[in-house]
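Taking it in order: structure first as structure tokens, then the write-up.
The values are calculated or read from the model by the stated rules, or taken from the named source; none is laboratory data. Since the model is a prediction, treat every value here as computed from it, not as a measurement. Cβ sites come from the backbone with ideal geometry, for glycine too, and all protein chains shown count toward neighbours.
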Amino acid sequence: MMVHRGSMQRALLCSALCVCIGLAPAAQGQELPVECGPPGGLTRTGVVDHVTDGDTVRLEDGTRVRLIGLDAPEIHWSRDEAEPYAREARRALQEILDDHDDRVVLHPDDEDRDPHGRTLAHLFTPDGTPIAALLLERGLATALTIPPNDRHLECYRATEARAQASREGLWSLPRHQVFQAEELPRDAKGFRLVEGEVTRIGESRRAHWINLDGGAAALRIDKADMGYFPRLDPEGLEGKRVQGRGYVYTHRGQPRMRIRHPADLEILEDTGDAAR
């Protein structure tokens, strides 16, 4: 879902999403307030016997499951180190599972394996509550969309928006605020929100490049992913102000970000039909 809106429109859209998908408003003192509706279609059940971190678990039958829809901070077990809020995310997931005797419902998406051989699934509690949404609303993870697995995207983004608006968890950290492209550190890495004016559109054999603020940063859309952007004309973005969300890496001194799904590229002004 690529959107075209200002800050007031963003707030209205988040409110509308919460109503449309059945999100319960957060009650005062209620720890796990979110409901996005039970999974539909094919599901299976399992029992979790180990929580690796905030987005990965192991079932009693040995199946390793990577939760779809979110990315929790990493725990580096070999060094006994953890990124901010990583241990809190793991502990919160353990508490959610404890409340349901470690029983979960697995709802698959279009792809069921990741490159590490883990099973990919949306995890729900037995009463139909999406576990990813519970963590996202507490700011203990960021929403992650890797196509074609984008079921429940609206639910996850709406719950994340509530945490972002109230600066819960990760959203209280400086690195999770919006960076203007020219202010992004040259050695930046990891999750970022980057905003800037599109000053040039480039094209290589494998990708389209959206250069921000005179090359201060670049957004990359692989040509192999263009099928997920059916109404996007990259050339039509020139001169527009956009915001990208994703993981930054540096190449030849330039921060770059791969954009894999329309939900990760926001046009900050009304540009008509330039995008999906």
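What to note about this one:
- The set of residues in the stretch 68-110 that are modelled with pLDDT of 95 or more and of a type in the set (G, A, S) comprises G69, A72, A86, A89, A92.
- Enumeration of residues in the stretch 158-186 that are in contact with a strand residue (DSSP E or B) (Cβ under 6 Å, 6 or more places away or on another chain) and exposed (fewer than 14 other Cβ atoms within 10 Å of the Cβ): V178
- The stretch 126-161: number of residues that are touching a helix residue (DSSP H, G or I) at 6+ places or on another chain (Cβ under 9 Å) and either among the β-branched types (V, I, T) or within 18 Å of A92 (Cα to Cα) (or both): 19
- Residue that is surrounded by the most Cβ atoms within 10 Å (Cβ to Cβ), among those in the stretch 210-241 that are basic (K, R) and farther than 17 Å from R256 by Cα: K240
- Single residue of the stretch 178-209 satisfying the filter (in a loop (DSSP other than H, G, I, E, B) and under 20 Å from H261 (Cα atoms)) that is nearest to the chain's Cα centre (by Cα): K189
- No other residue among R113, R151, R192 is buried (at least 18 other Cβ atoms within 10 Å of the Cβ), charged (D, E, K, R) and modelled with pLDDT of 95 or more apart from R192.
- When restricted to residues that are part of a helix (DSSP H, G or I), under 24 Å from L97 (Cα atoms) and of a type in the set (K, R), the stretch 134-177 contains 2.
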